[in-house]
1. Which residue, THR39, THR63, THR54, tops the fluctuation ranking in a GNM of the chain built on C-alpha contacts under 10 Å?
2. For a quick check of your reading of the filter: which GluC sites (Glu not before Pro) in segment 1-50 sit in a DSSP loop and have no more than 10 other Cβ atoms within 10 Å?
3. So what's the net charge close to ARG29: Lys and Arg +1, Asp and Glu -1, counting the other residues with Cβ under 11 Å from its Cβ?
4. Once phi is turned into ³J(HN,Hα) by the Karplus curve 6.51 cos²θ - 1.76 cosθ + 1.60 with θ = phi - 60°, what whole-Hz value does each residue of segment 49-60 show in order, with x for glycine and proline?
5. Going from the alpha-carbon gyration tensor of the chain, what semi-axes, largest first and in whole Å, does one get by taking the root of 5 times each eigenvalue?
6. Going by amide H atoms built from the backbone, whose H comes under 5 Å of the H on ASP65, apart from near neighbours?
7. Quick one: helix 21-30 against the long Cα principal axis of the chain, what's the angle to the nearest 10°, folded into 0 to 90?
8. When a/c is below 1.5 the answer is rounded, else prolate if a/b is larger than b/c, else oblate, so apply that to segment 29-70 with a ≥ b ≥ c taken from the square roots of the Cα gyration tensor eigenvalues.
Amino acid sequence: MIEAAQNSGIEMKIVACTAPKEVMAERLRTRTGDIADATVDLLDQQLSSAEPLTAEEAAIALTIDTTRDLKAQLK
């Protein structure tokens, strides 16, 4: 996707959302009414299999801590 965007002259950003594990677990426990299959039981597996951004991805990434004020992070 990065290459396709660059070849088309389109600016691309990756939004990487982060939160402490405890916050993610609580959000999963209280989640209702959607079709996502993520559950708190799968959280450890998902976190351990998550791959870090490559250098190319990191260069265009905007990392957002979802427990903090968004506007403050965009300054």
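1. Looking only at THR39, THR63, THR54, the largest GNM fluctuation is found for THR54.
2. Numbers: sites: GLU3, GLU11, GLU22, GLU26; in loops: GLU11.
Passing sites in segment 1-50 are GLU11.
3. Values: positive: ARG27, ARG31; negative: GLU22, GLU26, ASP41.
In short, -1.
4. For segment 49-60, the Karplus curve yields 9, 5, 9, x, 5, 6, 4, 5, 5, 4, 5, 10 Hz.
5. Values for the chain, descending: 27, 16, 13 Å.
6. Under 5 Å from the amide H of ASP65 lie the amide H atoms of THR18, each far enough along the sequence or on another chain.
7. Long axis of 21-30 versus the principal axis of the chain: about 60 degrees.
8. Numbers: a/c = 2.55, a/b = 1.51, b/c = 1.68.
Note, shape of segment 29-70 comes out oblate.
Every read-out reported here was derived from the displayed coordinates using simple, explicitly stated rules and does not represent laboratory data. All values reported here derive from a predicted model rather than from experimental measurement. Using ideal geometry, Cβ is built from the backbone for each residue, glycine included, and neighbour counts are taken over all protein chains shown.
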